[in-house]
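One structure is given below, encoded as structure tokens.
The values are calculated or read from the model by the stated rules, or taken from the named source; none is laboratory data. Quick caveat: nothing in here was measured; it's all calculated off a predicted structure. Cβ placement follows ideal geometry from the backbone for every residue including glycine, while neighbour counts extend to all protein chains displayed.
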Amino acid sequence: ITSRLPDVGTTIFTTMSALAVQHQAVNLGQGFPDFGCDPALTAAVTQAMQQGHNQYPPMAGVAALREAVAHKIHTLYGHAYDAVTEITITAGATQALLTAILAATQPGDEVIVLDPCYDSYVPAIQMAGATAVRVPLTPGSFRPDFARIAAAITVRTRMLVINSPHNPSGTVWTEAEMLQLQELLAPTNVLLLSDEVYEHMVFDGKPHLSASRYPALAARSFVVSSFGKTFHVTGWKVGTVAAPAALMAEFRKIHQFNVFTVNTPMQVGLAQYLQNPQPYVQLPAFYQAKRDAFRAGLAKTRLKPMDCSGTYFQTVDISAVSTQSEAAFCEWLTQEIGVAAIPTSAFYGDGFDQGMVRFCFAKQEQTLQQALERLQKL
Ligand code: PMP
Ligand code: GLN
């Protein structure tokens, strides 16, 4: 057959995790926690199965879960989505992103992504037959460059994908930037796909600035999140998308024939768990403590930590330690030092190499300490 995705190979996350296993390295590469979730959550899912919630749920998701999601968004971000027509439960954020792109674009349309970006966006755009237009974030700071985004908008631009808190850099968009985005898009028909999977990992007392907070953005947005990140269950693959009813109607046409529905007991269990008062409220402090401990350890190495205002990723500047490419450095670090990391160049279309690699700090204290002891030998 002729490949639909001729340029796609194994993802960098799979590659680095395999290399970490092979060399018994501490795996700070692929983003996933090495600790469990709240036992009350697994108990809720187990109970859902035992109570017989094992057949197809409604196409858009279990009603109680959609209501809990709508309630959360209203409480935290002030936007009232209709749980019946404006919230859908997906098989992780990955399926939500693909389905939103398939729903919104026609072959030949352009979708702008901001490099470095998560690795599923561009293949999803290609699967839709649309064209990805890669606009770089400002090198070094990873801030959005509105002049460059504006210059990339053409009559064919159908969608812009943003991601704050940002994987891989750990940066978070400011209020001024969100308002500037709202202003930039106001005279256009460009839709916004806002990947907010790290919405509950924003540090230093700052709020998460969801696109749903800004009425003119919410009116043109698909807002995507993931329970995998929020509740330490990346393997469950349950995500959410919120969008105005007209956009959601098109989303569901694709969703219906893409997955039809998402597993029932996880949804019932999550809905039950979300009845607890704000179970995500501890998350920023929980991850901030890990970030602070990891950064304190990095201060004793020759790696220079960059800004980390959100996510569970810490990028570091490797220039004092290595003149190799980021990818070669990550391989060497895994094999010789015993710590796996991800090259940020893997998130760029052109492999732009600025001497920065990403560590995941969603790890137990002892895992982070073991990695730091090894990194201190650099
Ligand atoms: N977007 C970003 C920015 C991510 O980091 C991830 C997880 N790696 C996803 C989407 C996918 O989330 P999920 O595992 O829920 O599909
Ligand atoms: N989102 C995770 C990361 O950025 C990895 C998910 C995956 O392996 N596709 O590390």
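Exactly one of (1) touching a helix residue (DSSP H, G or I) at 6+ places or on another chain (Cβ under 6 Å); (2) not assigned by TED's automatic domain parsing to the domain that holds Asp119 is unmet by Ile1. Its number?
Unmet condition: (1).
With the structure loaded, tell me whether Leu97 is within 16 Å of ligand 1 (Cβ to nearest atom), under 14 Å from the mean Cα position of the chain (by Cα), in contact (Cβ under 8 Å) with a residue 24 or more places away in the chain and closer than 15 Å to Glu250 by Cα or whether it fails that test.
Yes; evaluated as a whole, the condition is true for this residue.
Just need a number here: residues in segment 190-237 that are crowded, with 24+ Cβ neighbours inside 10 Å, in a loop (DSSP other than H, G, I, E, B) and of a type in the set (Val, Ile, Thr).
Final tally of qualifying residues: 1.
Would you confirm whether any residue within segment 219-227 is within 21 Å of Arg291 (Cβ to Cβ) and over 14 Å from the mean Cα position of the chain (by Cα)?
Within segment 219-227, not a single residue is within 21 Å of Arg291 (Cβ to Cβ) and over 14 Å from the mean Cα position of the chain (by Cα).
Residue by residue through segment 1-42, note down the ones that are in contact (Cβ under 8 Å) with a residue 12 or more places away in the chain, outside any loop (DSSP other than H, G, I, E, B) and of a type in the set (A, V, I, L, M).
Within segment 1-42, Ile12, Met16, Leu19, Ala20, Val26, Ala40, Leu41 qualify.
Quick check on segment 284-321: of everything there that is part of a loop (DSSP other than H, G, I, E, B) and hydroxyl-bearing (Ser, Thr, Tyr), which residue is farthest from Leu368 (Cα to Cα)?
Looking at the filtered set, the residue picked out is Ser319.
Six or more apart or on different chains, Cβ under 8 Å: which pairs go from a residue in segment 150-174 that's touching a residue at least 12 places away in the same chain (Cβ under 8 Å) and more than 23 Å from Lys229 (Cα to Cα) to one that's polar (S, T, N, Q) and not in a loop (DSSP other than H, G, I, E, B)? Could you list them?
Pairs that qualify, where the first residue is touching a residue at least 12 places away in the same chain (Cβ under 8 Å) and more than 23 Å from Lys229 (Cα to Cα) and the partner is polar (S, T, N, Q) and not in a loop (DSSP other than H, G, I, E, B), are Arg156/Thr131.
Given the structure, is Ser345 under 24 Å from Val122 (Cα atoms) and not hydrophobic (A, V, I, L, M, F, W, C)?
Yes: the conditions hold for Ser345.
If Gly269 passes every condition in (1) of a type in the set (Gly, Ala, Ser); (2) over 22 Å from Gln51 (Cβ atoms); (3) part of a helix (DSSP H, G or I) but one, which one does it miss?
Going through the list (1) of a type in the set (Gly, Ala, Ser); (2) over 22 Å from Gln51 (Cβ atoms); (3) part of a helix (DSSP H, G or I), Gly269 breaks only (2).
Looking at this structure, is Val122 touching a Lys or Arg at 6+ places or on another chain (Cβ under 8 Å) and β-branched (Val, Ile, Thr)?
yes
Determine which member of the set Val321, Val339, Val316 is in contact with a Pro (Cβ under 6 Å, 6 or more places away or on another chain) and at pLDDT 95 or above.
The match here is Val316.
Can Glu175 be described as over 30 Å from Asn258 (Cα atoms) and charged (D, E, K, R)?
yes
Is at least one residue of segment 31-49 surrounded by 15 or more Cβ atoms within 10 Å (Cβ to Cβ), among the hydrophobic types (A, V, I, L, M, F, W, C) and under 22 Å from Ile162 (Cα atoms)?
Scanning segment 31-49, I find at least one residue that is surrounded by 15 or more Cβ atoms within 10 Å (Cβ to Cβ), among the hydrophobic types (A, V, I, L, M, F, W, C) and under 22 Å from Ile162 (Cα atoms), so the answer is yes.
Filter segment 304-331 down to residues that are under 30 Å from Glu175 (Cα atoms), away from ligand 2 (no atom under 16 Å from the Cβ) and crowded, with 16+ Cβ neighbours inside 10 Å, then give me how many there are.
Result for segment 304-331: 5.
Just checking, does segment 64-79 include any residue being among the aromatic types (Phe, Trp, Tyr), closer than 22 Å to His200 by Cα, surrounded by fewer than 23 Cβ atoms within 10 Å (Cβ to Cβ) and within 16 Å of ligand 1 (Cβ to nearest atom)?
no
Taking into account only those residues within segment 5-20 that are within 13 Å of ligand 1 (Cβ to nearest atom) and closer than 20 Å to Ala124 by Cα, which is surrounded by the most Cβ atoms within 10 Å (Cβ to Cβ)?
Here the residue is Ile12.
Which count do you get for residues in segment 326-378 that are part of a helix (DSSP H, G or I), more than 21 Å from Thr10 (Cβ to Cβ) and in contact with a helix residue (DSSP H, G or I) (Cβ under 6 Å, 6 or more places away or on another chain)?
So the count comes out to 4.
Of the conditions (1) in contact with a Cys (Cβ under 8 Å, 6 or more places away or on another chain); (2) within 15 Å of Ile87 (Cβ to Cβ), Arg295 satisfies every one except a single condition; which number is it?
Looking at each condition in turn, Arg295 falls short on (2).
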